[in-house]
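> Could you have a look at this structure, given as structure tokens, before my questions?
The values are calculated or read from the model by the stated rules, or taken from the named source; none is laboratory data. Since we're looking at a predicted model, the values are computed, not measured. We place every Cβ from the backbone using ideal geometry, glycine too, and count neighbours over all the protein chains shown. All accessible areas refer to the heavy atoms of the entire protein, side chains included, with ligands and DNA or RNA removed. Shrake-Rupley method; radii C 1.70, N 1.55, O 1.52, S 1.80 Å.
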Amino acid sequence: MSRTTTMEGESKKKTRETAGAKTTQPALPWKVRLQVLALEVACDLSQRRDGTVNRFLFSLTDRQTRASLRPDARGVRSADIAVDPSRNLWARVYSPAASDADQALQEAAPLPVIVYFHGGGFVFLSPASKPLDAMSRHFCRELGAVLVSVNYRLAPEHRYPAAYDDCVDVLRFLDTNGLPGDNGVRVDLSRCFLAGDSAGGNIVHHVAQRFTSSASPPTNNPVRLAGIILLQPYFGGEERTESELRLEGAVPVVNLRRSDWSWRAFLPVGANRNHPAAHVTGEAGPEPELGEAFPPAMVVVGGLDPLQDWQRRYAAMLRRKRKSVRVVEFPDAMHTFYMFSELPDAGKLVEDVKSFMQTNMSDH
């Protein structure tokens, strides 16, 4: 069951309760267990000791999908848009296909836009990867929004700040060009949300920070950020937190070796994990400067995610900065649980995200 935390004291209490709890493996259907195992094996075998990636080997398991303007079984269509072909920067746009029954409603009320940054440790996957494509279609339909999934450049071939630059540039592209008219629905770019999972959640923070800084475009531009949604964001530091140590080797997907490898692949050569791209919570350096227009945040935390302490610290940092933040806890959730729609918590997450969006669209 999810629980929304609105007070910093409650979040600290939750951390203490979790620290004292006995670690248990998440209860997963066999199909999900196999999918998680396949992802772990593919990533581990593709990560070379010299810090490079065997792209060919990973591609053997990374099944790709094509965009299609023909609605799928969920009633979602998709189209790819080129942003900057010189750096292979593009996005896949998902939109709900309007039926005769709701066409009039959509004409009266343009849909909000979610700009989505995928996870994968800054190293793996793309919007065309089959699990991410399926998740994007699910979010598009259930949230009633047009979703723009960004294909940013990957590390280690393209280290910090390439991913941040790409994702900010997609927002600026939307600011200038809008969305293509062949998606069949009207959109409201003044009700734009940034969302991302894991490394994509990290990107959400940094893109929102840049886009709402004093150097950002004028506020009369079409794109305005109504909120940011960080699904188990990937933050870190040289410190080993209580949850990282307690859950090491006991839960799927995230462990210290994989996490450290990803940071070495992404951060500038010679930088450690206290670099401001990874460490945003103030314990080992200055807290990030956040502009007045930095949007309300929703931070999703899983009780079986080793990164949970960093995620709660991030929310606490936002509160110290007097920013609006909603923390949603899933005590029995592993990292990446949202990718598996058959898990009960994945369905509950959609309802939490929908509530957050509705609240911040009404406040907008």
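> Projecting each Cα onto the charge dipole of the chain (Lys/Arg +1, Asp/Glu -1 at the beta carbon, about the Cα centre), which of THR336, LEU318, PRO180 comes out farthest on the positive side?
Of THR336, LEU318, PRO180, it is THR336.
> Picking from LYS354, LYS31, LYS323, which is most flexible by a Gaussian network model of the chain using Cα springs under 10 Å?
So, out of LYS354, LYS31, LYS323, the one fluctuating most is LYS31.
> Moving on to the next point. Within the chain, what is the number of lysine pairs with alpha carbons under 21 Å apart, leaving out pairs fewer than eight places apart on the same chain?
The result is 12.
> Given the DSSP H assignment, sum -39500 (n - 2.57) over each helix run of at least 4 residues in the chain and divide by its residue total; what's the result at 222 nm in deg cm²/dmol, nearest 500?
Taking each H run of at least 4 residues, the total per residue is -11500 deg cm²/dmol.
> Would you pull out the residues with amide H under 5 Å of ASP188's amide H, same chain only if 5 or more places away, H placed 1.01 Å from N?
Sorted by chain and number, the residues that satisfy this are LEU111, VAL113.
> Follow-up question, since we're still on this one. Calculate what fraction, in whole %, of the accessible area of region 35-95 sits on carbon and sulfur atoms when a 1.4 Å probe is rolled over the protein chains.
Within region 35-95, the accessible surface is 55 percent carbon and sulfur.
> So, counting K/R as plus one and D/E as minus one, what does the shell of residues with Cβ under 11 Å around MET334 add up to?
-2
> If you don't mind, there's one more thing I want to ask. All other residues with a Cβ under 13 Å from the Cβ of CYS140 taken together, and with Lys, Arg as +1 and Asp, Glu as -1, what is their net charge?
+3
> Calculate the spin-label point distance for LEU60 paired with ARG74, positioning each point 7 Å from the Cα along the beta-carbon direction, and give it in nanometres.
Placing both labels 7 Å along Cα→Cβ, they lie 3.0 nm apart.
> So what's the net charge close to TRP90: Lys and Arg +1, Asp and Glu -1, counting the other residues with Cβ under 9 Å from its Cβ? Before the final figure, lay out each step's value.
On the way: positive: ARG92; negative: ASP80, ASP84.
Neighbourhood net charge equals -1.
> What is the magnitude of the charge dipole of the chain about its Cα centre, with +1 placed on the Cβ of each Lys and Arg, -1 on the Cβ of each Asp and Glu, and no other charges, expressed in debye to the nearest 20?
Rounded to the nearest 20 debye, it is 340 debye.
> Averaged per residue, what accessible area in Å² does the chain show with a 1.4 Å probe, protein chains only? Walk me through the numbers on the way to the answer.
On the way: 15610 Å² over 364 residues.
Dividing the accessible area of the chain by its residue count gives 43 Å².
> Okay, moving on. Got a number for carbon plus sulfur as a percent of region 222-364's accessible area, 1.4 Å probe?
Values: 2550 of 5150 Å².
Taking all protein chains in place, region 222-364 shows 50 percent carbon and sulfur surface.
> Okay, moving on. With a point put 7 Å past each Cα toward its Cβ, work out how far MET361 is from GLU287 in nm, to one decimal.
3.1
> For region 134-179, give the percent of accessible area contributed by carbon and sulfur heavy atoms, probe 1.4 Å, rounded to a whole number.
Whole-percent figure for carbon plus sulfur exposure: 44.
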